[in-house]
1. Run the reach check for LYS63 against aspartates and glutamates, Cα to Cα strictly under 12 Å, same-chain hits fewer than 8 apart removed. What comes back?
2. Taking all protein chains together and a probe of 1.4 Å, list SER171, SER147 from the most accessible to the least accessible.
3. How much of the accessible area of the stretch 29-156, probe 1.4 Å, is carbon plus sulfur, in whole percent?
4. Sticking with the crude label model, points 7 Å out along Cα→Cβ, report the distance from GLN287 to ASN75 in nm, one decimal please.
5. For a quick check of understanding: with a 1.4 angstrom probe and all protein chains in place, what accessible area in square angstrom does LYS159 have, to the nearest ten?
6. Taking the alpha-carbon distance from LYS192 and a cut-off under 25 Å, which lysines remain once sequence neighbours fewer than 8 residues away in the same chain are dropped?
7. Is the stretch 117-264 rounded, prolate or oblate when judged by the Cα gyration tensor, a ≥ b ≥ c being the square roots of its eigenvalues, rounded requiring a/c under 1.5 and prolate requiring a/b larger than b/c?
8. Using only the heavy atoms of the protein chains and a 1.4 Å probe, how would SER121, SER60 rank by accessible area, largest first?
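The values are calculated or read from the model by the stated rules, or taken from the named source; none is laboratory data. What you see is a predicted model; the values in this text were computed from it and never measured. Neighbour counts run over all protein chains shown; Cβ positions are idealised from the backbone, glycine included. Side chains are part of the model used for accessible areas, which takes the heavy atoms of the whole protein and leaves out ligands, DNA and RNA. Shrake-Rupley method; radii C 1.70, N 1.55, O 1.52, S 1.80 Å.
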Amino acid sequence: MNRLTLTAFAIFVGLPIAITGMPSLIIADDIVIEEIVVTARQRSELLQDVPASITAFTESDIKSAGIMRAEDFINLTPGVSIVDAAEVGDTQVSIRGINGTRDGEANFAFIIDGVLMTNPSAFNREFSDLQQIEVLKGPQSAVYGRSAAAGAIIVTTKKPGNEFETDFTFSGANHSSGFASGMASGALIQDKLFGRFSFDYRTTDGFYHNDFLDKDAVDDFEGFNLNGRLLWEPSDRTSVDTRFRYGEVDAAAITFNASFALPLFAGGVAGPQTIFEDANTHPFVFQGNVDPQN
């Protein structure tokens with residue numbers, strides 16, 4: 001069994017800079033206008049003041065759209081598409097027609113809470129504790145380096161605070177499919193030290209069955225993530241933000257079920273003809289002798 005392990009660890013010490021994506025409201029003459037603060041240029045700015053094409057998803061957008069994975073928000077972003085049909089750890093994103101490359105570096109910068117994730121495998125996973133997502137379209141190499149030729153995707157998660165809060169979600173479906181996630185956050189030392197922990201787990205046997213192996217080994221999936229965050233604020237001018245994540249995924253790799261063309265020598269004036277099988281009515285029977293694990 002081959003497993004893909006994703007880890008990320010970062011520590012930040014610095015001056016208190018408000019890098020938040022929480023929208024504010026302006027009420028004038030009974031008209032409510034939502035102001036969205038983005039950090040696409042590595043500083044807090046109002047969305048309408050940034051001279052770039054940005055699609056921003058606020059916390060309310062994320063909740064109402066049920067965004068949990070990358071394809072959930074990419075499918076809602078104009079000019080951006082995703083290809084996730086080969087391997088679970090190899091996802092290509094196209095931004096304004098600039099495509100990624102299989103088994104290569106990503107063509108966009110992927111940033112989580114200010115940390116540049118250079119491993120493209122870190123993108124195709126569950127996202128928990130989301131506060132805001134920003135999809136910045138167009139070359140951004142001057143800000144984020146060589147791997148930002150197509151744009152940047154910036155993810156901001158929720159910070160822990162004094163208030164104690166928990167949240168748990170469970171769901172199930174056919175084909176032995178299930179999902180669970182949970183979060184706990186609060187103050188370890190009031191006004192000084194805060195912690196946040198979250199987890200997620202997803203599993204499914206998939207839609208297809210391998211007749212040769214007699215098992216669901218065609219599009220099965222199992223993965224989990226553990227996320228931790230510790231925030232220490234000893235003074236008004238100092239903040240130490242530590243984050244940790246560990247994840248594993250064990251899923252089916254690319255598999256084939258080929259159709260075929262059969263030459264038919266009917267003779268006559270027309271000569272040889274070819275009968276093509278309709279892919280829409282092709283019976284998907286998988287009989288590979290190898291479990292395609294990734």
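1. Counting by Cα, and skipping residues close in sequence, LYS63 has these aspartates and glutamates nearby: ASP72, ASP129.
2. On the way: SER171 70, SER147 35 Å².
These residues rank, largest area first, as SER171, SER147.
3. Details: 2940 of 5820 Å².
That share works out to 51 percent.
4. About 3.4 nm, to one decimal.
5. Counting only protein heavy atoms, the figure is 110 Å².
6. Partners found: LYS158, LYS159.
7. Values: a/c = 3.60, a/b = 1.65, b/c = 2.18.
Taking the square roots of the gyration eigenvalues as a ≥ b ≥ c, the stretch 117-264 is oblate.
8. Numbers: SER121 15, SER60 70 Å².
Listed by decreasing accessible area, they come as SER60, SER121.
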